[in-house]
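One structure is given below, encoded as structure tokens.
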Amino acid sequence: MRYEVVETNYNINDLVGIVGDQVIHLAGYVSEKKYPEDLRLVKFYDVEKDEVISFITNNFELGPPVIANIYRNRWQIETFFKWIKGNLTIKALWGYSENAVKIHLWVAISAYLLLAWVKAALKSPLTITEVSKVIEVSILSKANIRDLLDVPNPLTQNQNVKELLLNF
């Protein structure tokens, strides 16, 4: 992204990881047309990853460390939503109001935690997804959940495998 530095703030504290704080103006023809106002570029040095991360914002009120922390925490939210997509089977929302989405997420997270608790309490070798599927297909049966989740050793770990193969 092309930009011009309008102003540089030299009053920064690199002890907290802030290595740059500048006011910039987008220099590309299309970029400048779409956003003609000045922006703020805050550069933060991440010690753990040994890299400089740049944050662009239109907030000129907050200090550079606050801007960096807001964006870093925002990334944790993105990671949380990625976890939700990967672990909770939400195919379609029940509703699109804020309340409906909150209820749906709380129900899904509660169900996931209950499945994790069942898996841990019964010391099942199955994954939480597998526990979920076993319960899903046997929800109306009167079988004991302990029996459903008790998985026998796979045939490949049985010592009699060679004998079985030789008999064929």
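The values are calculated or read from the model by the stated rules, or taken from the named source; none is laboratory data. Keep in mind the model is a prediction, meaning the values are calculated, not measured. Please note: Cβ atoms are built from the backbone with ideal geometry, for glycine as well, and neighbour counts cover all protein chains shown.
Against the list (1) under 29 Å from Lys133 (Cα atoms); (2) assigned by TED's automatic domain parsing to the domain that holds Tyr10, the condition Val101 fails is (2).
The set of residues in the stretch 1-44 being assigned to a strand (DSSP E or B), in contact with a Gly (Cβ under 9 Å, 6 or more places away or on another chain) and β-branched (Val, Ile, Thr) consists of Thr8, Ile18, Val42. Number of residues in the stretch 14-72 that are at pLDDT 90 or above, over 19 Å from Arg2 (Cα atoms) and exposed (fewer than 10 other Cβ atoms within 10 Å of the Cβ): the value is 3. Of these, Trp106, Trp75, which one is aromatic (Phe, Trp, Tyr), assigned by TED's automatic domain parsing to the domain that holds Val131 and either modelled with pLDDT of 90 or more or closer than 30 Å to Ile128 by Cβ (or both)? Result: Trp106 is the single residue among Trp106, Trp75 that is aromatic (Phe, Trp, Tyr), assigned by TED's automatic domain parsing to the domain that holds Val131 and either modelled with pLDDT of 90 or more or closer than 30 Å to Ile128 by Cβ (or both).
Within the stretch 80-100, being surrounded by 10 or more Cβ atoms within 10 Å (Cβ to Cβ) and among the hydroxyl-bearing types (Ser, Thr, Tyr) holds for Thr89, Ser97. Those helices (runs of 4 or more DSSP H) of the stretch 45-160 in which at least 3 residues are touching a residue at least 12 places away in the same chain (Cβ under 8 Å) and either within 30 Å of Thr8 (Cβ to Cβ) or within 19 Å of the chain's Cα centre (by Cα) (or both), considering only elements entirely within it, cover 64-87, 98-121.
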